[in-house]
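A short write-up of the structure that comes next.
The values are calculated or read from the model by the stated rules, or taken from the named source; none is laboratory data. Keep in mind that what you see is a predicted model, and the values were worked out from it rather than measured. Please note: Cβ atoms are built from the backbone with ideal geometry, for glycine as well, and neighbour counts cover all protein chains shown. All accessible areas refer to the heavy atoms of the entire protein, side chains included, with ligands and DNA or RNA removed. Shrake-Rupley method; radii C 1.70, N 1.55, O 1.52, S 1.80 Å.
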Amino acid sequence: MSNKGIVFNIQRFTLHDGPGLRTELFLKGCPMTCDWCGNPESWSRQIELGIYKKKCISKKKCGLCLSAEPNEEALTFHREKLTAIDSKKVSDHTACALACPADAIKQWGEEMTVEECMEIIRKDKEYYDQSGGGVTVSGGEALLQSDFVAELFAECKKEGIQTCFETTFYSNWRKVEALLPVTDIWISDIKHMDTTIHRERTGVGNELILANLKKLAELDRELILRIPVIPEFNEDMENIEATADFILNELQGRVRTLQLLSFMRLGVEKYEALGIPYGMEGVKVNRRSFQKHVERIADYMNGRGIHCLVGTKEKQ
């Protein structure tokens, strides 16, 4: 085994992102910058450090970050408090994060080997077998680390562990094709059917995504499709109807489940920690009425003959 991946989170015993109990690995790097994304720490492929300014004890009272990081240009202070950090200039991300006794410095991303990941995965194999679960790899966009995922999934298959890949499908088809022999279930989004609107809110157009979804459907592979239902973006019925038409006509209805993900303000504090503006800052949502709208969308999809659920818990 030679490949290493940059992993920013591992969740055990999750009931989302595939059937049964699962271990889910989140890999860094994404070609999209969706306004509503709850994981902005996934965008960069590189290991990053975020700053939770309110937790900083102050340079005068503590200053341990300066002891751990010899390059003072990497750290920015205002009124004795650490307010920013340049991850590209930091000499040792882990040392810098571990040095902070107040957890004001957060490291996102860790280089891991396939075997290190397998050691974690194997701990829960009994639960996978009992629940029909397995391993899910997500991102970011894990196709940016496709060689690592291919090797990891090959090891999982050798040990009889079900594999699930969550992807934007914004990638060269060759990377998808290389993972087909070792991937049991695929998960992907349809964010908007209009490529111009899609580009405005995600940073990329949708042509490549839709083309790859059509290729996967032609191979009749197990697919869980999702719509993140976002206010002032894709919740209008014109787009919903166009999405249903695409699923039925272009994907031949070959979708195991269509899951609707109702918008929630997630990860706002991480945007602040990374110094990234939050794209949904000015959007106000009445949770009750919006949830009812999402449920009406589910009713519409089921009425069109598309098996549709609200939420990400996948039933067997």
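Computed quantities for the displayed model
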item	result
Qualifying residue in segment 265-275 (condition: buried (at least 16 other Cβ atoms within 10 Å of the Cβ), hydroxyl-bearing (Ser, Thr, Tyr) and farther than 17 Å from Arg201 by Cβ)	no
Top-ranked residue of segment 158-174 - restricted to ones that are within 20 Å of the chain's Cα centre (by Cα) and either of a type in the set (Gly, Ala, Ser) or not in a loop (DSSP other than H, G, I, E, B) (or both), ranked as farthest from Asn212 (Cα to Cα)	Gln162
Conditions (1) open to solvent by 10 Å² or more (accessible area, probe 1.4 Å); (2) assigned to a loop (DSSP other than H, G, I, E, B); number of the one not met by Phe26	(2)
Residue in segment 61-71 that is hydrophobic (A, V, I, L, M, F, W, C), in a loop (DSSP other than H, G, I, E, B), without any contact (Cβ under 8 Å) to a residue 60 or more places away in the chain and surrounded by 15 or more Cβ atoms within 10 Å (Cβ to Cβ) present	yes
Criterion violated by Glu151 - all others in (1) open to solvent by less than 20 Å² (accessible area, probe 1.4 Å); (2) touching a helix residue (DSSP H, G or I) at 6+ places or on another chain (Cβ under 6 Å); (3) touching a residue at least 60 places away in the same chain (Cβ under 8 Å); (4) not small (Gly, Ala, Ser) satisfied	(1)
Qualifying residue in segment 165-174 (condition: at positive phi, crowded, with 18+ Cβ neighbours inside 10 Å and either of a type in the set (Asp, Glu) or at pLDDT 95 or above (or both))	yes
Unmet criterion (only one of (1) surrounded by 18 or more Cβ atoms within 10 Å (Cβ to Cβ); (2) in contact with a Gly (Cβ under 6 Å, 6 or more places away or on another chain)) for Cys100	(2)
Cβ-Cβ under 8 Å pairs, at least 6 apart or on other chains, segment 87-103 side in contact (Cβ under 8 Å) with a residue 40 or more places away in the chain, far side exposed (fewer than 14 other Cβ atoms within 10 Å of the Cβ)	Ser87/Gln46; Lys88/Gln46; Val90/Asn71
Hits in segment 193-235 - residues which are of a type in the set (Asp, Glu), open to solvent by 60 Å² or more (accessible area, probe 1.4 Å) and either at positive phi or part of a loop (DSSP other than H, G, I, E, B) (or both)	Asp194, Asp220, Glu232
Candidate set: segment 276-316, residues that are hydrophobic (A, V, I, L, M, F, W, C), over 18 Å from the mean Cα position of the chain (by Cα) and assigned to a loop (DSSP other than H, G, I, E, B); chosen: the one surrounded by the most Cβ atoms within 10 Å (Cβ to Cβ)	Ile306
Residues located in segment 268-295, provided they are touching a helix residue (DSSP H, G or I) at 6+ places or on another chain (Cβ under 6 Å) and of a type outside the set (A, V, I, L, M)	Lys270, Tyr271, Tyr278
Pick from segment 72-86, criterion at negative phi and without any contact (Cβ under 8 Å) to a residue 12 or more places away in the chain, ranking: most open to solvent (accessible area, probe 1.4 Å)	Glu72
The lone exception for Pro181 - which of (1) touching an Asp or Glu at 6+ places or on another chain (Cβ under 6 Å); (2) more than 18 Å from Arg22 (Cβ to Cβ) it fails	(1)
Given (1) of a type outside the set (A, V, I, L, M); (2) open to solvent by less than 40 Å² (accessible area, probe 1.4 Å); (3) within 28 Å of the chain's Cα centre (by Cα), number of the condition Cys56 does not satisfy	(3)
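This table checks each residue for (1) closer than 30 Å to His192 by Cα; (2) modelled with pLDDT of 95 or more; (3) not acidic (Asp, Glu).
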site	(1), (2), (3)
Thr33	yes, yes, yes
Ser42	yes, yes, yes
Lys53	no, no, yes
Glu72	no, no, no
Asp86	no, no, no
